[in-house]
Amino acid sequence: AVEKFSSDSEGYISSVAAGGKEYECQMVILAAGVKPNVKLAKEARIAVGPTGAIKVDRRMETSVKNVFAAGDCAESIHLVSGKPCWYPLGSTANKQGRVAGANITGGKKIFKGVAGTSIVKVFDITAGRTGLSEREAGEAGYDPAAVTVTTPVKAGYYPGKDSVTLKLIADSGSKKLLGAQAVGDTSVDKVIDTAAAALTGNISIPDLTNIDLAYSPPYSTALGTVIVAASVLEEKLGL
């Protein structure tokens, strides 16, 4: 366990003490994670799901009739695996809250679930994901096939050398897209959002190779990163 942090004369981190030893460093990254706050739910005898968050149906209703839950304390259904999942993101909380609010007032709205789409910026690098990873796909019972491609984010004769690396995962049996992961300088949000839309629409890999994406040399290559990756994956699947 971490015991203490030490700083230099200018106030910058210089070392961290853990396990009886001291380690010199220039940076400390805290990755403690988060847990859903379900204390009130447990006190009210509301069921908690396998993720540790409050179990809800697609109307966001809990195990207690007419009691609803939404946001970082509530589970979702994963659009790919069909299993309960927990992604404490503001985007998910807003959508769940709209459904819960509508149904509390007599509406009949449904929250279909999430694909686990997320994105993070670390200095000048952006990374994002949606759907299942290759490992998660295997654990969910799929036979995953995956490819990784790296492409420029715009025509090669334009200034700048930004690129994006995209990994697409599909099921070898059904040929359906299962997930995507990307990292790069720019355009990561674009390729991940495209993949997320494809997952939500249950689009096949052959359909993804023909998707009509916006193209102009300042913004993309003639075949966008998603189309390139889908084409390579299509060949790997023998389609």
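The values are calculated or read from the model by the stated rules, or taken from the named source; none is laboratory data. What you are looking at is a predicted structure, and each value in this text was computed from that prediction instead of being measured. Positions of Cβ are backbone-derived with ideal geometry, glycine not excepted, and every protein chain shown enters the neighbour counts.
Restricting the first member to the stretch 194-214 and to residues that are over 12 Å from ALA229 (Cβ atoms), and the second to residues that are at pLDDT below 95 and among the aliphatic types (A, V, I, L, M), the beta-carbon pairs closer than 6 Å and six or more apart or on different chains are PRO206/LEU239. It is to be established whether one or more residues within the stretch 59-76 are over 26 Å from SER118 (Cβ atoms), out of contact with any Leu (no Cβ under 7 Å at 6 or more places or on another chain) and among the small types (Gly, Ala, Ser). Yes: one or more hits. The requirement of being in a strand (DSSP E or B) and in contact with a strand residue (DSSP E or B) (Cβ under 8 Å, 6 or more places away or on another chain) is fulfilled nowhere in the stretch 30-38; no residue meets it.
Filtering the stretch 38-80 to residues that are among the β-branched types (Val, Ile, Thr), out of contact with any Gly (no Cβ under 8 Å at 6 or more places or on another chain) and farther than 21 Å from THR105 by Cβ leaves VAL48, THR51.
THR194 meets all of the listed conditions (1) touching a strand residue (DSSP E or B) at 6+ places or on another chain (Cβ under 6 Å); (2) part of a helix (DSSP H, G or I) but one, namely (1).
Every test in (1) modelled with pLDDT of 95 or more; (2) outside any strand (DSSP E or B); (3) at negative phi is passed by ILE119 save one, and that test is (2).
Listed here are the residues, each with its yes/no results for (1) under 20 Å from the mean Cα position of the chain (by Cα); (2) within 19 Å of THR200 (Cβ to Cβ); (3) surrounded by 10 or more Cβ atoms within 10 Å (Cβ to Cβ).
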residue: ALA31; (1), (2), (3): yes, no, no
residue: VAL38; (1), (2), (3): no, no, yes
residue: ALA47; (1), (2), (3): no, no, yes
residue: SER81; (1), (2), (3): yes, yes, yes
residue: GLY90; (1), (2), (3): yes, yes, no
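Taking the numbered list (1) crowded, with 16+ Cβ neighbours inside 10 Å; (2) free of Cβ contacts under 8 Å to residues at least 60 places away in the same chain in turn, ALA115 passes all entries but (2). In the set (1) modelled with pLDDT under 95; (2) outside any strand (DSSP E or B), the condition left unmet by GLN96 is number (1). Across the stretch 136-173, the number of residues qualifying as closer than 30 Å to SER81 by Cβ and either assigned to a strand (DSSP E or B) or in contact (Cβ under 8 Å) with a residue 12 or more places away in the chain (or both) comes to 23.
Pick out the one residue from ILE119, ILE110, ILE125 that is within 13 Å of the chain's Cα centre (by Cα) and among the β-branched types (Val, Ile, Thr).
ILE119
When the residues of the stretch 173-200 are filtered to those that are hydroxyl-bearing (Ser, Thr, Tyr) and in contact with a helix residue (DSSP H, G or I) (Cβ under 9 Å, 6 or more places away or on another chain), the one that is farthest from THR151 (Cα to Cα) is THR194. Tell me, which residue of the stretch 71-93 that is part of a helix (DSSP H, G or I) and not aliphatic (A, V, I, L, M) is farthest from ALA41 (Cα to Cα)? This residue is SER91. Please verify whether LYS190 is surrounded by 13 or more Cβ atoms within 10 Å (Cβ to Cβ) and basic (Lys, Arg), treating the condition exactly as stated. Yes; evaluated as a whole, the condition is true for this residue.
A count restricted to the stretch 39-70 and to residues that are assigned to a loop (DSSP other than H, G, I, E, B) and charged (D, E, K, R) stands at 6.
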